[in-house]
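**Student:** Before we start, here is the structure in question, set down as structure tokens.
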């Protein structure tokens, strides 16, 4: 299987503060890759770097096309959807408008047909369809963020801590649906998580980051088996 | 007495409509950038001169206005792209400096191209009183035009894809980029729309106050008062605020302070709103973490 996304020697910085120090990682076609690590390891920055939201150095390949240095809007149009940290809800707009924005780059009619399909995954959003998105619960906003990203019909879905601030039951529900989505939509996923156990269960490949460097890379099962890594970096 | 008050309220609504459209233009740029474009009034004045130039060249009134609206839109977009774009991450004072510079430049250009003499501006509406003598033909007509503009802007923002993208870009630029909205262009479009609305407002007010390079100075102040009163981040609030300021100004001018001190009322409204309820009547409280 070939790689959909490949980062080589990726550096990233916010102004003077360097956050990533030359990391390599890849996402396989149809695969799920997890980036793990503690707070401040640079996981979110890696996702931002892919979408051109921070200053970077190094190479980022999407199906063989170099995308580093491109504008966020153009990278998104190549089929990279991100569920950002904090969910990125358009609070002032309705659920419907949030969904329309998700499908902004596609013909309107085609996208509207997709809405029903999305409600099969997240029926709760259908009940909230006309409601202001700011009034949704955290879990519902997470669902909305996933739907917004999927409506772009992405090749690659970047998920930034989908478990953040949610009750364990809701986290399980969301990951169950994500597994279904991965099956049905044929989308590849790059997942950033602090909750390592649930991420390793979901992903096939994983990278462990510590302060901007990769300390371990391999299949999820290998990483789960490595007790040293688990104890020192993943905290369980 | 009652007929007099009613008359003042009606013509207050007529002038309020002008304030409402300029206030809307201000809010449109404020929402996206959190800056008040001080040059909005001068840009509208310049647009009004363009309308007059085309009328004098023999074009029918509405065609001339249409051309000016389109040109203003293009110039508005160009100003954002060329002048404001490089300032996207600059401190507030830098933007304020550019706005004031723009105000002086556009004002001087108006004087340079079209000279400083006060000019008459035609109205396309009938000359005789209407609605039982309460409103002049122009007051009624310009109120109608203003309402049409406001409703079209509302429909554009509510029911079109582009309108939705512009609102999204104003509320949440980061998320907007992540769904593929070209945020920079949305800002430029906002400038274009604001300039186009200004062109219409200028043409509606010029027959009343006559056209000279400083025509909009006072009007911008009333519009700013209206925008603040309604809530500077709320388009609907700004429109309602604009109408209210028109009525307050007219009633106050007739029964309270006299016409010479009318402009003071705008300042009183501004100071009152800022001290008592800075968010305005319909504005949103914004919290930020420090």
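The values are calculated or read from the model by the stated rules, or taken from the named source; none is laboratory data. Model, not experiment: these values are computed from the prediction. Neighbour counts are summed over all protein chains in view; Cβ atoms, including those assigned to glycine, are modelled from backbone coordinates with ideal geometry.
Residues checked against (1) more than 10 Å from chain A (Cβ to nearest Cβ); (2) farther than 19 Å from residue A:71 by Cβ:
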position	(1), (2)
B:154	yes, yes
B:158	no, yes
B:163	yes, yes
B:172	no, no
B:177	no, no
B:182	no, no
B:185	no, no
B:192	yes, yes
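**Student:** Right, something else. At least 2 residues that are surrounded by fewer than 24 Cβ atoms within 10 Å (Cβ to Cβ) and at pLDDT below 90 in each: list the helices (runs of 4 or more DSSP H) lying fully within the range A:25-128 that qualify.
**Tutor:** Because the criterion is at least 2 residues that are surrounded by fewer than 24 Cβ atoms within 10 Å (Cβ to Cβ) and at pLDDT below 90, the helices (runs of 4 or more DSSP H) in the range A:25-128 that meet it are A:108-121.
**Student:** Please verify whether the range A:119-126 includes one or more residues that are more than 9 Å from chain B (Cβ to nearest Cβ), in contact with a strand residue (DSSP E or B) (Cβ under 8 Å, 6 or more places away or on another chain) and free of Cβ contacts under 8 Å to residues at least 12 places away in the same chain.
**Tutor:** no
**Student:** Which of the numbered conditions does residue A:190 fail, given that it passes all the others? Conditions: (1) closer than 24 Å to residue A:37 by Cβ; (2) within 14 Å of another protein chain (Cβ to nearest Cβ); (3) not in a helix (DSSP H, G or I).
**Tutor:** So the condition that residue A:190 fails would be (2).
**Student:** Just wondering, is there one or more residues in the range B:202-223 that are surrounded by fewer than 24 Cβ atoms within 10 Å (Cβ to Cβ), farther than 26 Å from residue B:64 by Cβ and under 12 Å from the mean Cα position of the chain (by Cα)?
**Tutor:** yes
**Student:** If you scan the range A:135-157, which residues turn out to be in a helix (DSSP H, G or I), more than 14 Å from chain B (Cβ to nearest Cβ) and either without any contact (Cβ under 8 Å) to a residue 12 or more places away in the chain or touching a strand residue (DSSP E or B) at 6+ places or on another chain (Cβ under 6 Å) (or both)?
**Tutor:** A:135
**Student:** Same structure again: Assuming residue A:28 fulfils every condition listed in (1) more than 10 Å from chain B (Cβ to nearest Cβ); (2) without any contact (Cβ under 8 Å) to a residue 24 or more places away in the chain; (3) out of contact with any helix residue (DSSP H, G or I) (no Cβ under 9 Å at 6 or more places or on another chain) apart from one, which condition is it?
**Tutor:** The single condition residue A:28 does not satisfy is (2).
**Student:** Go through (1) under 25 Å from residue B:234 (Cα atoms); (2) within 13 Å of chain B (Cβ to nearest Cβ); (3) in contact with a strand residue (DSSP E or B) (Cβ under 7 Å, 6 or more places away or on another chain) one by one and return the number of the condition residue A:130 breaks.
**Tutor:** Of the numbered conditions (1) under 25 Å from residue B:234 (Cα atoms); (2) within 13 Å of chain B (Cβ to nearest Cβ); (3) in contact with a strand residue (DSSP E or B) (Cβ under 7 Å, 6 or more places away or on another chain), the odd one out for residue A:130 is (2).
Table: residues versus (1) part of a helix (DSSP H, G or I); (2) farther than 25 Å from residue B:141 by Cβ; (3) in contact with a helix residue (DSSP H, G or I) (Cβ under 6 Å, 6 or more places away or on another chain).
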| site | (1), (2), (3) |
| --- | --- |
| B:35 | no, yes, yes |
| B:44 | yes, no, yes |
| B:49 | yes, no, yes |
| B:52 | yes, no, no |
| B:59 | no, no, no |
| B:69 | yes, no, yes |
| B:73 | yes, no, yes |
| B:84 | yes, yes, no |
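**Student:** Here is a follow-up. Among the residues of the range B:276-284, is any surrounded by 15 or more Cβ atoms within 10 Å (Cβ to Cβ) and assigned to a helix (DSSP H, G or I)?
**Tutor:** The answer is no; no qualifying residue exists.
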